[in-house]
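Read-outs: derived from the displayed coordinates by stated rules, not from any lab. No experiment lies behind these values; they were computed from the predicted model shown. All Cβ positions, glycine included, derive from the backbone under ideal geometry; neighbour counts span all protein chains shown.
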Amino acid sequence: MRVISLFPAALLCVVLGAGGILSGSWGARAQQATAPAPADSAHSPSSALSQSDIAKMLPATDMGAGAARANNPHLPPASDSPATPFDAASIPANPLAPNADPIGAKTCVACHSQENMQASHSLHVASFRAGAANSGPQAACESCHGPGSEHAKNPTAPGSIIAFTHDAKTSPQVQAGVCLSCHAGGARQHWIGSIHQNRGLSCTDCHNPMARLSPEGVLAKSSINEVCSTCHQDIRAKFNRRSHMPLPEGQMACTDCHNPHGSITKPLLKTDTVNETCYTCHAEKRGPFLFEHAPVRANCLNCHDVHGSNQQTLLVAPIPMLCQQCHTMTLHPNDLQSAAGLGNGPHPDERLIGRGCLTCHSNIHGSNNPSGPKFHK
């Protein structure tokens, strides 16, 4: 009986104790909810970003301004002024209509209703409408096309508006200048003097900011590979060969190796040399090796056609014919190999069967083995 009488008392104590714990936790939560949140001193608006901040965000191969530019005595110093926000686009001057005045987007839409429907969903027009620090709330069209009063008076007059087509009177330099007024620097800092700029290309040859035709990059076609193949059809055809980079399979893009906006190299590579570009994926070929293979260290293109080949591993010629371009009639390959030495030829030769020279010289890119001066190991 004594045990039974003590049980209700013990149960009551447990309930009261749990109630105190719950009330304390709810009180702590209430104090946390009512307490003012600490100010985030690190938070700052996007317009406060400087050029050095943007350079830190860019990839190392994006040709952006950074420490390399600052330490280069041959380049002018890059200013660290605040970056231009998206809503600070000004109305560009039209050199073919210097006396034109802005008239606002409502006048443009009166005739260009279809273009307005397409462009209203684009990022450019949305940003111009969201903020117009230098252009006014109705200058979404004229932020790119320039003041439109002369064009409204005489729509058929050539050059009365900045147009972005091949048959327009607006020069490609003026067209690109309008785009670079916002998109200067970064990956586009080598546009001036690039092969594309010298060939008279404009930004709208590859981009279409008036419609959403691609998932990213406001491209004129659905992918960057299709845009590049519009002109580089010979390169596109190489990807149909049996040995090719996985570009048709969607595993890589032209911009993985090239910067179409310009670079310091002739083929618009994103790095300084061909080998450095290849090493970004094929790091095991970088070395350094105890025994180097000179043609490999000089240029990967000595042996490989990087876009596509009908030989194994993107080789420019079949083995051993490729090796005999340098190693002909010397040391043990003292006879010129030909198709006659193939397995189905009149004089089969073991040096042509299997992997050819690579059957023995397996580490042809270089060797770290003490017994590997001939790249056997």
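Figures for the structure shown
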item: Amide H contacts of Leu219 (H built 1.01 Å from N, under 5 Å, at least 5 apart or other chain); result: Asn208, Leu213, Ser214
item: Filtered trypsin sites (Lys or Arg not before Pro), segment 223-295: DSSP coil and at most 13 other beta carbons within 10 Å; result: Arg242
item: Greater than 25 Å apart at Cα, pairs in Lys266/Lys374; Lys238/Lys374; Lys266/Lys377; Lys285/Lys374; result: Lys266/Lys374; Lys238/Lys374; Lys266/Lys377
item: Computed over segment 285-367: relative contact order in percent, which uses C-alpha pairs under 8 Å that are six or more apart; result: 31 percent
item: 12 Å beta-carbon shell around Gln197, net charge (K/R +1, D/E -1); result: +1
item: Placed amide H near Leu315: partners under 5 Å, 5+ positions off or other chain; result: Asp305
item: Lysines whose Cα lies under 28 Å from that of Lys106, excluding same-chain neighbours fewer than 8 positions away; result: Lys153, Lys169
